[in-house]
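A short write-up of the structure that comes next.
We did not get these values from a lab; they are worked out from the coordinates using the rules stated. Since the model is a prediction, treat every value here as computed from it, not as a measurement. Don't worry about glycine lacking a Cβ; one is built from the backbone with ideal geometry, like all the others, and counts go over all protein chains shown.
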Amino acid sequence: MTNKLHIGIIGAGNIFSEHMSGFRQCADYCSVVAVAKAHPADSEAVRRELGADVVIVRDYRELLARPDIDAVEILLPHDLHMPVTIDAARAGKHVLVEKVMARNIYECDRMIEACEQAGVTLTVAHDRRYQPDWMAFKRVIDSGILGEIYCWKLEHNQDVVTPPGNWIRSRDALGGGAIMSCLTHQLDGLRWFAGEVESVACMCKVIPSRMEGETIGAVTAELRSGALAQITINWATRSGWGVPNKLWGEFNHATGSKGELYYQDGKGTFLMLHGNPEPGRAFVEDGEHFTENMFMKVHSGNWLKLDRCVTEWVKLLHGEPSDITTTGRVT
C-alpha cells in the first residue's frame, strides 16, 4: 500500500482510545491528522493519544472542509450518525461509523444513499464480526459440521447505570435502550451466523433509575431456516464483566443435529460433535485428542477486534483485498 491516507476522527468519547489502537497498527499506511471534539476539556486526552501535532476542532464541518482528509471515522451518539455521515459523504470522505449504524431503517437508508451517490465507501464498526473467537465460531458454522441447526442462544450481560446527562441514558439519542446499545452485537451476530429472521417477538423491562429505555430485553425469533433463537440482554446483573467468579458478559450457543458450539467471553469458542469427530479435528487446538461428546477449544487468532476492523478498513480504502463484512447493507 502506498500514498498514506489522512484520517479525521469525529467524536472522541469513551471508545476513542480503543479505535486509536487500530490506527497505530497501520500507522505506515494512514495517519490521524485531525479530530473534531466539542468539549475543550478533552483536548489533552486526544493529544496524549495522537501527539501534539494533531489538529483539534470544535465543529466537525471544519474537519470535513479540509481537502487533505481522505476519510473519517464517526464516534458520536446514535442520533448524530445519519446527519454527520451524510455531510461527510457530500464532502467526499469515506466513512467508518461506530455501531449501531443508526436508530432506524430510514436513517440507515439515507446514509447508504448519500455514500453511494457520492461514490464513497460506508463501513460500520460492528466489531464482533472482527473478534477472533466470533470469527472462529463463524468458520465452524459455515463448515456445516454441526448439521441442521435447531436452536441459537445469544446473551449480553452488564451492570449499567447511566448518570443524568449521559447521552446513553436518553431514549431518543440512543434510539431505544440496552437492546439498541449492545444487544445489537448479538442480533447482528445471529444474522451473520444463521441467516435472516422469519418472525420475531420481544419483551422489555424499563428500570427508570438506570436509563429511559429498556434495561432488560428478551427477543425470541424463528429463522428462515426453521431454527429457533433466544437473544437476551440484562443490564442489571453483576454477573457480567469485571466481577470475580463471574458468569459471562457474552455467550453464544448453537445446537445442531451433529454437534454443538459455544462461545463464552474470556474463555473462547468450543466445539463438540456427537458422532464421528474427524470433521472437527482441523478446527480444534488439540485435534489429536478430539473425541465425540467432548467440548474442545477452537483455533482462534490473537488480535483485538477493533484493531482488526480498523486495519481491514484501511486496506479497503487503499484498494487492497480486505475482510470487510459490515458495509451497512444486508450481508
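Numbers for the structure displayed
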item	result
The chain: most fluctuating residue of Leu247, Leu317, Leu64 per GNM, C-alpha cutoff 10 Å	Leu247
Leading residue at positive end of dipole, the stretch 129-297 (Cβ point charges), from Leu174, Pro132, Gly189	Leu174
DSSP H segments from the chain that extend 27 Å or more along their own axis, Cα-based, with Kyte-Doolittle mean of 1.6 or above	none
Charge dipole (debye, nearest 20) of the stretch 124-180; +1 at Cβ of Lys and Arg, -1 at Cβ of Asp and Glu	100 debye
Size of electric dipole in the stretch 91-208: Cβ of Lys, Arg +1 and of Asp, Glu -1, about Cα centre, debye, nearest 20	280 debye
Segment Gln117-Glu18, extension gain: residue separation times 0.36 nm, minus the distance between their alpha carbons	32.6 nm
Farthest toward positive dipole pole in the chain [+1 Lys/Arg, -1 Asp/Glu at C-beta], among Gly13, His156, Gly249	Gly13
Hits among lysines - C-alpha to C-alpha of Lys305 under 25 Å, sequence gap 8 or more where chains match	Lys4, Lys37, Lys93, Lys99, Lys138, Lys153, Lys246, Lys267, Lys297, Lys315
Euclidean distance between Cα centres, the stretch 265-331 to the stretch 141-181, Å	21 Å
Electrostatic dipole magnitude of the chain [Cβ: Lys, Arg +1; Asp, Glu -1; Cα centre; debye, to 20]	440 debye
